[in-house]
Amino acid sequence: MNTIKECFEIILEGNKNKSRQAARQVRKLLYASRTKDKYNDIKKLVKGASREYDKISEDWRQENFVMAISVIYFLHDREVDPDFLFPWLFQLLLHSNGCIRYAAVRMLSHELRSLTVYIRVPDFKSGMTNLKPKQADAIIFSLFVHLNKLLKKTWKPKYIKYKYISSLPTGLYKSIQMVIAKIEELCGQEYMSDLVKKYNEKDDDKYTQDGGKKMKKKKAVKIDKVYTFKITLDPKQRREKPWREIAIIGRESLYRLAKAIVNSFNFYFDHCFGFYDNLKSIYDSKDFYELFTDIPTVEHTPEAKSVEQTKISQAFNPKNQKMLFFFDYGDSWHFTVELINIKPAKTGRFYPMTKKSHGKAPEQYPPCDD
């Protein structure tokens with residue numbers, strides 16, 4: 001095995017042991033010499049990777065092939081259209097083999113570094129890359145949309161209890177989240193906020209990290225009642241008192257109300273939560289509803305009621321107008337939820353909706369200090 005081309009021939013045609021050895025040899029040969037022919041071979045191999053992959057039937061050979069491609073991937077000559085293999089990489093992200101998924105994450109991360117150069121480099125000039133910023137933006141947005149579609153396919157309710165991506169169980173969902181985390185890392189908070197806003201406008205809905213489960217709005221019917229709430233962040237936690245006014249149909253669940261609240265502050269809906277009638281201490285509450293109750297595998301307080309089975313109209317009424325919405329038991333976000341009024345719904349209108357907004361929402365995950 002003296003050339004990268006020979007290695008790939010053995011990867012595709014050799015037995016299990018020789019195929020694996022050839023895959024490992026690719027990295028050594030890549031940095032061992034600098035011949036023009038080697039890079040021409042690499043360009044051809046990467047360009048035809050998806051077609052060659054489709055011909056492979058053995059799982060172990062797929063792994064060897066993909067791992068070897070991921071080593072040479074960065075030397076392709078498709079800087080003008082860096083998303084040329086994205087459909088194939090999306091396919092790899094859904095593979096049951098963790099090594100293949102990891103290789104896909106690596107290749108997507110490589111493209112993201114190139115796509116975000118103009119964002120990360122101060123005084124960027126258009127001639128520094130083959131892509132114009134508008135082209136890069138379009139590719140990043142397309143990638144973001146596709147990743148959220150994949151999240152929706154792989155989401156499981158048990159994931160909501162995990163605070164960090166690193167603590168998620170190994171699997172498809174975690175691999176996809178790793179790519180989204182790379183987008184956030186390279187693009188920064190401001191760009192990411194604009195990206196999420198654009199995504200929301202496209203889908204007429206809010207982006208959340210709970211597996212891409214979008215909050216579809218529901219059309220009100222004649223008998224519906226609309227509950228309007230004022231949601232305020234706890235002033236004890238922040239100097240500023242941002243608040244939102246939300247309208248939602250009363251027959252909706254507390255789970256949907258929670259999601260509407262989190263979305264209105266542009267937070268990720270990625271943690272457990274509860275509603276409590278004691279505004280000062282959740283532990284002294286007599287009437288409370290927790291998501292833990294709806295997760296069979298999680299220990300919960302026997303007295304706690306379900307957020308998925310309880311309607312808003314059952315928890316809030318003229319006699320019980322205020323509750324504490326406690327979101328994320330790690331970072332402890334406190335929201336005061338105050339019922340303002342209950343009115344007949346306008347037939348045909350879609351809910352929930354954010355009617356008013358005051359104050360800038362804080363960052364849910366501010367940058368860590370070095």
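Run through all the Cα pairs of segment 225-298 and give the fraction in each 10 Å bin from 0, expressed as whole percent.
Bin by bin from 0 Å, the calculated values are 16, 44, 36, 4.
Please report Rg (one decimal) and Dmax (integer) in Å for the Cα set of segment 123-194.
Cα only, segment 123-194: 14.9, 47 Å (Rg, Dmax).
State to the nearest 20 debye the size of the charge dipole of the chain about its Cα centre, where the only charges are +1 on K and R beta carbons and -1 on D and E beta carbons.
Computed charge dipole of the chain: roughly 920 debye.
Convert each backbone phi in segment 217-225 into a coupling constant with the Karplus relation 6.51 cos²θ - 1.76 cosθ + 1.60 (shift: θ = phi - 60°), then list the ³J(HN,Hα) values in order as whole Hz, x for Gly and Pro.
Residue by residue, segment 217-225 yields 7, 10, 7, 6, 10, 4, 8, 6, 10 Hz.
Would you kindly calculate the translational diffusion coefficient of segment 231-370, applying Stokes-Einstein with the Kirkwood radius from alpha carbon pairs, for 25 °C and a viscosity of 0.890 mPa s, and quote it in µm² s⁻¹ without decimals?
Estimated via Stokes-Einstein, D reaches 155 µm²/s.
Taking the Cα centre as origin and putting +1 on Lys and Arg beta-carbons and -1 on Asp and Glu beta-carbons, what dipole magnitude results for segment 1-104, to the nearest 20 debye?
380
Quick one: order Tyr289, Tyr73 by neighbouring beta-carbon count within 10 Å, fewest to most.
In increasing order of surrounding Cβ atoms, one gets Tyr73, Tyr289.
Using only Cα atoms and rounding to the nearest 10 degrees, what angle (0 to 90) does helix 4-13 make with the longest principal axis of the chain?
Computed tilt is about 70 degrees.
Ranked by Cβ crowding within 10 angstrom, fewest neighbours first, how are Arg244, Arg349 ordered?
Arg349, Arg244
Here are labelled values, [x] 81, 48, 46; [y] 101, 73, 49; [z] 85, 57, 44, and one is the computed Cα extents along the principal axes in Å for what I pasted. Which one?
Computing Cα extents along the principal axes in Å and matching it to [x] 81, 48, 46; [y] 101, 73, 49; [z] 85, 57, 44 gives [x].
Can you give the angle from 0 to 90° between the axis of helix 16-32 and the longest principal axis of the chain, with both taken from C-alpha atoms, to the nearest 10?
Approximately 80 degrees, to the nearest ten.
Read the figures in this text as sums done on the coordinates, not as results from a lab. This structure is a prediction, so every number in the text was calculated from the model and none was measured. Please note: Cβ atoms are built from the backbone with ideal geometry, for glycine as well, and neighbour counts cover all protein chains shown.
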